[in-house]
Each structure stands twice: as C-alpha cells, then as structure tokens.
1. Highest first, please rank the peptides 136-148, 276-288 by the mean number of other Cβ atoms sitting within 10 Å of their residues.
2. Considering amide H positions built from the backbone, and no H for Pro or chain starts, which residues 5 or more places from LYS95, or on another chain, come under 5 Å of its amide H?
3. Using the Karplus curve 6.51 cos²θ - 1.76 cosθ + 1.60 with θ = phi - 60°, work out ³J(HN,Hα) for each residue of region 41-48 in order, rounded to whole Hz, and write x for Gly and Pro.
4. Return the tail of the calculated pair distribution for the chain, meaning the percent of Cα-Cα pairs more than 24 Å apart.
5. Taking all pairs of different Cα atoms in region 234-322, averaging 1/r and flipping that mean, what Kirkwood radius in angstroms comes out?
6. Could you pull out the pairs from LYS48/LYS322; LYS48/LYS126; LYS232/LYS282; LYS142/LYS275 whose alpha carbons sit more than 21 Å apart here?
7. What value, in deg cm²/dmol to 500, does the helix sum -39500 (n - 2.57) over DSSP H runs of n ≥ 4 give at 222 nm once divided by the residues of the chain?
8. So what's the angle, to the nearest 10 degrees on a 0 to 90 scale, between helix 243-253 and the longest Cα principal axis of the chain?
Amino acid sequence: MSNGIISVDQAVSQLEDSKVVAIPTETVYGLAGRIDSEDALNLIFSTKKRPFFDPLIVHVSSVEQARTLVSWWPKEADLLAKGFWPGPLTIVLPKNKDSVSDLITSGLDSVAIRFPGHPIAQEVVKKLGVPLAAPSANMFGKTSPTSAEHVLEEFSSTIAVVDGGPADHGIESTVLELVESEKGSVTSVQIYRPGTITKSQIEACLGSTISVSYSQSKAAPGHVENHYQPNKPLYSFLGPYTKNEIQSELGNVLEGDSEIYFTELDEPCAIVARKLYSEMRKADKLAGSKKTLVMQIRNFDSSDSWTAIEDRLNRASRKLFKKA
Ligand code: TXA
Ligand code: MG
C-alpha cells in the first residue's frame, strides 16, 4: 500500500472489519461501508460530517440482491433494471425492514438502490457478499470526487481508496422513486435527482402509461439547495455569453473589482459532465488570491441531456446565469 491506494482484496478485508473505504463507480467515487454493520454506517456519517437526516444509497452486485432489500418489486423495477442496470440509475422502493436499517434510510420506509456499472465496484460488493452503503466520498455539501486523487485530498489521505481511474460519467446517478398506489401498482415516477439517465430515456423504457416527473423529495432532505460547492464562491454562465456580457452581469453582483478566476468548458454535454467537478477543484486550487470563480458552459442548451449539469451548477453556484 502506498499513498492510501489499496487493492480490491485489501478493500474487501477492511470492509469485512466494518471499516470504510473509498471505491470507484462510473459516476463518482463512493465512501463505502457494509450495510449490516452499525459501526461502519456511523463511520460513513462521521467521516463526511453528514447529517443523519440524509439517507444513503445501497449498492448491490445483482438484481437478486436488490430484491432482498425491498418489500415490493413491481414490474416497472424490472423494466428499469433491464434497461439501465448495471449503471447510473438509483431506484427508490419500499424497504425490507429486516435487511435495511433506519440508519441507512434516515428512518424512511423506502430505500435507494443502485447496481453500479464500474467493474471494481461490482467486484468489491460480490467478494464481500454484502451490499454497500456508499454516498459520494466528499465532505458533506462539497464537490464529489471523480478520481482517487480527489478522495485522498478530500480526507487528507486518512481514507484508503481503490484507484479505478477517472470516473466515466462524472456526475452522480439519477435518483427516482416508483410511487405505489393503494392497489399495489406504480402510479408515477418521481425523479428526485437528475443524472446521466434522462427523463426521456426513463419514459421510453417504461412506456406511455406512467407519468414521469421531476420532483423535490419530501423524503430526501439531503437534496439540499447548497451542495457540490467549491471552497470559493462560484458564478456560472450557461450558454454563449460574450466576455462583455459576463463582465456586465458580474458588475451587478460583485462588490468592488473583485478579481476572478475564469474557466470555460466548450465541449459536448458528456465531456462537460466528466470534467465538471475536477475543473471546479482545479479552479479552487489555481485561483490563488483571486476570490471569485467563474465558469462558463458554452454549449449548454435547454435539452434534457443538460438538466443534470444545470442542477449541479445551480446548487454549486452563488448565482447562475442562463442563456439558451
Ligand atoms: O452516483 C451516485 O449515486 C453516487 C455513487 C457513489 O453511487 N452516490 C451518491 O450518494 O451520490 P449521495 O449520498 O451523495 O446521494 C444520495 C442521494 C441523496 O440526495 C439522498 O437524499 C437520496 O439519494 N436518497 C437516498 N435514499 C433515499 C430515499 N429513500 N428516498 C429518496 N431519496 C433518497
Ligand atoms: Mg453526495
């Protein structure tokens, strides 16, 4: 072991001992602990300084394992699992109270489940034989890590991490709930957190009889307004703003002539998602004495594929300007 980088087998053995370790997933790195250990779960919350009211996602390595965590598995869950698992989709369903503790779900009756696509995440869960609770491996409210290096920085090398390379998608999974009617069928799908899997992909997968909508979860206070934040205040510009337009907008909101550190991302959506968090971390580091970060996402448009990026930047920014 060097620099806190560990192998899959070392990670599994630490997890067996109810420790927490960071593992790669295709979205962002997760801070993982076994779901059947109260010590491990408490350690996740204390390491992140995460409030106990924010429920955790449980990671599985098969659909059969997912089914052991729930009290209801409707046919729509099968459709979504066939369509998007393993992958960046988290499905919220009524929990099996025998296998999922209140610590994981913050006392809710539902549990959020994900079958990650990253081969290392799958291997760790498979070898351990127990599902893993894993929030993003960052301090609460801060930017999610998309590389092993980010995790080491975030926790000053006190948390060991399996290096799985840079995360492919770069932003967190889409979180949705299948809402049950009194008759025991799915009446609607509520998307609580947009991600790489878009609303239209979900609609196409489920067919036209079920309504899919974005919604603020009462049950997920963790989806707070200020999140994903870099250390310095960030102002974001989505769309083809000119330098003059940016300057004039900033003139209205910044006091005095505060010096800014400017980042421009002009790639297509999938690349911007992959780079977004590492660019935020880089800006924080390179800004030096400049007090304000400004980020422009030039190719932004109002199509659904950009929704997740807009959502994250909205929460990460002091103010967001949009032209699309
Ligand atoms: O891509 C991801 O989902 C990453 C990787 C590591 O898997 N994980 C992640 O976890 O982003 P975290 O804890 O940072 O975000 C979990 C989100 C929170 O917004 C939480 O409120 C919501 O999922 N959530 C968890 N359980 C829920 C439930 N029972 N009902 C509604 N929302 C829930
Ligand atoms: Mg998080």
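1. Details: 136-148: 22.8, 276-288: 18.2.
Packing order, densest peptide first, comes out as 136-148, 276-288.
2. SER71, SER110, VAL111
3. Calculated HN-Hα couplings, in order: 5, 4, 5, 4, 5, 6, 4, 7 Hz.
4. Numbers: 27977 of 52326 pairs.
For the chain, the fraction of Cα-Cα distances above 24 Å is 53 percent.
5. On the way: mean 1/r = 0.0754 Å⁻¹.
Result for region 234-322, one decimal place: 13.3 Å.
6. On the way: LYS48/LYS322 32 Å; LYS48/LYS126 25 Å; LYS232/LYS282 11 Å; LYS142/LYS275 16 Å.
With Cα atoms farther than 21 Å apart: LYS48/LYS322; LYS48/LYS126.
7. Working: 11 runs with 103 residues, N = 324.
Value at 222 nm, helices only: -9000 deg cm²/dmol.
8. The angle comes out near 80 degrees.
The values are calculated or read from the model by the stated rules, or taken from the named source; none is laboratory data. What you see is a predicted model, and the numbers here were worked out from it, not measured in a lab. Neighbour counts run over all protein chains shown; Cβ positions are idealised from the backbone, glycine included. The accessibility values were calculated without ligands, DNA or RNA, using every heavy atom of the protein model including side chains. Shrake-Rupley method; radii C 1.70, N 1.55, O 1.52, S 1.80 Å.
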